[in-house]
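Rule-based calculations on the coordinates, nothing more; no lab input. These figures come from a predicted structure and were not determined experimentally. Quick reminder, even Gly has a Cβ in these numbers, built from the backbone with ideal geometry, and neighbours come from all protein chains shown.
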Amino acid sequence: MQRVVEGWQLSSVFSWVSGAPLTFVPGTIATPFMLGTMGFRTANTADVVGSLPKGAGGVEKGNGFVQYFSDLSVKQAPLPNFGGDPNLPGRFTNQVVVDKSGNIVLKNPEPGTTGNTAIAMPGIIGPSSLGLDMALSKKIRIAENKMFTIRADAVNFLNRPIWGNPNTNINSTTFGRITTATGNRTITFNARIDF
């Protein structure tokens, strides 16, 4: 009975990581410009022209896709005049982000300008992740100076997906979609003899 009961060890590591700050981008490259003492920036950001819904962002599983900004959607941006050129409107692909009421929230910055949203916007964060890793081992003495150990390690014991960041390009047809995930449960067994 003592051989069965003694020598067990159970250990675990629990982790929770908040999401990374997100940046809404128009998918275009700006001419490099100076950001005070912070250096140069070549990525442009979107213009916020309305109110972002409070608590914007949350993983929602749809029919064959995963959506993050369920209160936001994209639609075709209003066509500009293009100086009266009839050929250009057919090539215009810019979009705007609207709320559930159809009000424009985010749009592309005007030509020659940079967007007014921040890089790594405060309050707009990607999916968080929750992790639990566990290990179970048993030591058995097989002789005075010999010990046998069997061990099982489970990484992501809860088998929860760790979602990637959503697409934040407002001109993309997949705006707000999450297309990457990791986090399959992995179990490893090992045994050793100490002598």
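When each of Gly62, Gly102 is tested for being among the small types (Gly, Ala, Ser) and on the phi > 0 side of the Ramachandran plot, the lone residue that passes is Gly102. Only one of the listed residues (Pro127, Pro111) is loosely packed, with under 15 Cβ neighbours inside 10 Å and either touching a residue at least 60 places away in the same chain (Cβ under 8 Å) or closer than 20 Å to Gly27 by Cα (or both). That residue is Pro111. Selection of first residues in region 140-161 that are more than 30 Å from Gly19 (Cα to Cα) and of second residues that are assigned to a loop (DSSP other than H, G, I, E, B) and hydrophobic (A, V, I, L, M, F, W, C), restricted to Cβ pairs under 9 Å at least 6 apart or on distinct chains, gives the following pairs, ordered by first then second residue: Ala143/Phe195; Asn145/Phe195; Lys146/Phe195; Met147/Phe195.
For Asn87, the requirement of being of a type outside the set (Lys, Arg) and either over 30 Å from Ser11 (Cα atoms) or touching a Leu at 6+ places or on another chain (Cβ under 6 Å) (or both) is met. In region 133-159, the residue that is farthest from the chain's Cα centre (by Cα) out of those that are closer than 22 Å to Val66 by Cβ and loosely packed, with under 15 Cβ neighbours inside 10 Å is Leu158.
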